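The next block holds one structure in the form of structure tokens; read it before the comments.
FYI, it's all coordinate maths here, none of it is from the lab. Note that this is a predicted model, so its numbers are computed, not measured. Cβ placement follows ideal geometry from the backbone for every residue including glycine, while neighbour counts extend to all protein chains displayed.
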Amino acid sequence: MTLNASQVSYYMTQRKKGVTQHISAMKAGISVRSGRRIEKDQWSKAGECYWRTRKDPLEAVWDSMLAPLLKERPALMPTTLLEMLQDKYPGQYPNSLRRTMQRRVREWKLLYGAEQEVMFRQRHKPGLRGLSDFTELKGVVVTIAGKLLAHKLYHFRLEWSHWSWMRAAWKQQGEDGRRELTERYAALCQHYGMQCVHNNAGRGHENGSVESAHGHLKRRIRQALILRGSNDFSTLEEYQAFITQQVMRHNRNNQDLVKEERPHLKPLPLRRRADYDELTVRVSSSSTINVRHVIYSVPSRLVGQLLRVRLWDDRLSCYVGSNEVMSCPRVRPEKGKTRARRIDFRHVIDSLAKKPGAFCHATLRNDILPDDEWRRLWRRLCNHLEPEMAGRLMVHALKLAAGYDDIPVVARGMEQMLNTPGEVDLYRLMRFLGMKEKELPAVSVVQHNLSSYEQLLRGKGGLQ
């Protein structure tokens, strides 16, 4: 009787438990005599089968058609090959051959397929390497004050201690942006005495020490967002503080390794590298400047001047000489767009109030209006008045808002005026805002004697 390996293994397992030969043999389905031969290592092992036990259903097409096709196009999948045979030979190759085709393709690739890429494990040393990479929170929509934040996450990680730092970052647009980013990063590394190298494009495993950590940190951030109950943040600073909090929690788990690596790190330079770009721009006659494809308004007193602009990742500051004349949040184009605008109506409202008719057809009209609520009010005004008159009233309302320094109050006053039957004009709006109309003073005019004109004319040569 030929024994198989499973019977032998089961029999010996029972014997090691102290079960008798007779019972062990019964449980394994063999004779007691065979059991004795097993214990003496005299049992005959079944020979390996090198021949087919049934007819090959792919024999007619494998060597002549499928194998050459796989060699030429190794990316072809088994199901694709089976469907090709079904189209070419209807009724001869049923779907029941799918598993057979999968096994044959797998065996062919193991025997004749292309060589695969080999990974080489690296030896990590403290203080030797820090890795940088960008990643995305895929499937997570983050908003700032209700507006979509299109961004990536920049991740820096010390390879040995796993200390991490992460910050929200905005994607550079176009080839010029990528080249500029590379140059700036090289300058940063030079300032801190680091040697800058990069992995091959599309080979994320070459940066594996930071790539693998992306998943851990992003999973922690996703869970924290779920626990928070909202993906909306009031400001960018609040969102960045949230990310920093999650990264610091991650770093606490590696604080012992960080302490060990700290003595191997270089001291910081005596001064910090400037973390802003500096540009020179001229203020246009529209009281605007163009900074990296974004239009910003500036106070109209600066029209025609050259401004020195310091551009941070979240804000910009404008200087005339050494004097800062304006600062505002930085704006970036929305996803899919290359340009954007940030117009503060208070910068241009004085000039606009002198010529309110220019508002209706101004190219910056929708950007001058402070927010979506004001744009909605503008559309409602156009339904009540002619466009020119609506433009004049809107300009006067913006002038009031600039003086009030409380934009929502004026917007609510306009809303009440439009919701209440009556005239739609500036004086009625002022009444809704609780503002009194200016009363003109009474002027008493005394009519002088007209004969004085006759005397004057006689003195010039007499009446004609």
Post the alpha-carbon centroid distance, the stretch 121-136 to the stretch 326-405, in whole angstrom. 50
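Rg/Rh for the chain: what does it come to with C-alpha atoms and Rh from Kirkwood? Let's see the in-between values first.
On the way: Rg = 40.6 Å, Rh = 32.1 Å.
Using only Cα positions, Rg/Rh for the chain is 1.26.
Quick one: F345, F359, fewest Cβ neighbours within 10 Å first, how do they rank? It would help to have the intermediate numbers written out before the result.
Values: F345 20, F359 23.
Placing the least packed residue first, the sequence is F345, F359.
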Less than 16 Å apart at the alpha-carbon level, and either on another chain or at least 8 residues along: which aspartates and glutamates does that give for K16? E39, D41
Sequence gap at least 6, Cα distance under 8 Å: using those rules, report the relative contact order of the chain to the nearest whole percent. 7
Using a cut-off of 16 Å between alpha-carbon atoms, which aspartates and glutamates can reach K354, once sequence neighbours fewer than 8 places away in the same chain are excluded? E388
Would you mind computing, in nm to one decimal, how far apart the modelled labels at R123 and L385 are, each placed 7 Å from Cα along Cα→Cβ? 8.0
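Just from its helices, what would the mean residue ellipticity at 222 nm be for the chain, if runs of 4 or more DSSP H residues each count -39500 (n - 2.57) and the sum is divided by every residue, rounded to the nearest 500 deg cm²/dmol? It would help to have the intermediate numbers written out before the result.
On the way: 17 runs with 193 residues, N = 464.
Taken over the chain, the calculation gives -12500 deg cm²/dmol.
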C189 and K335 label points (each 7 Å along its Cα→Cβ direction) are spaced in nm at 3.0
Can you tell me the Rg and Dmax of the stretch 106-156, counting just the alpha carbons, in angstroms? 20.7, 59
Spin-label model distance (nm) - T20 vs V141, 7 Å beyond Cα toward Cβ: 7.5
Could you order peptides 33-42, 449-458, 160-169, 273-282 by the average number of other Cβ atoms within 10 Å of their residues, highest first? 160-169, 33-42, 273-282, 449-458
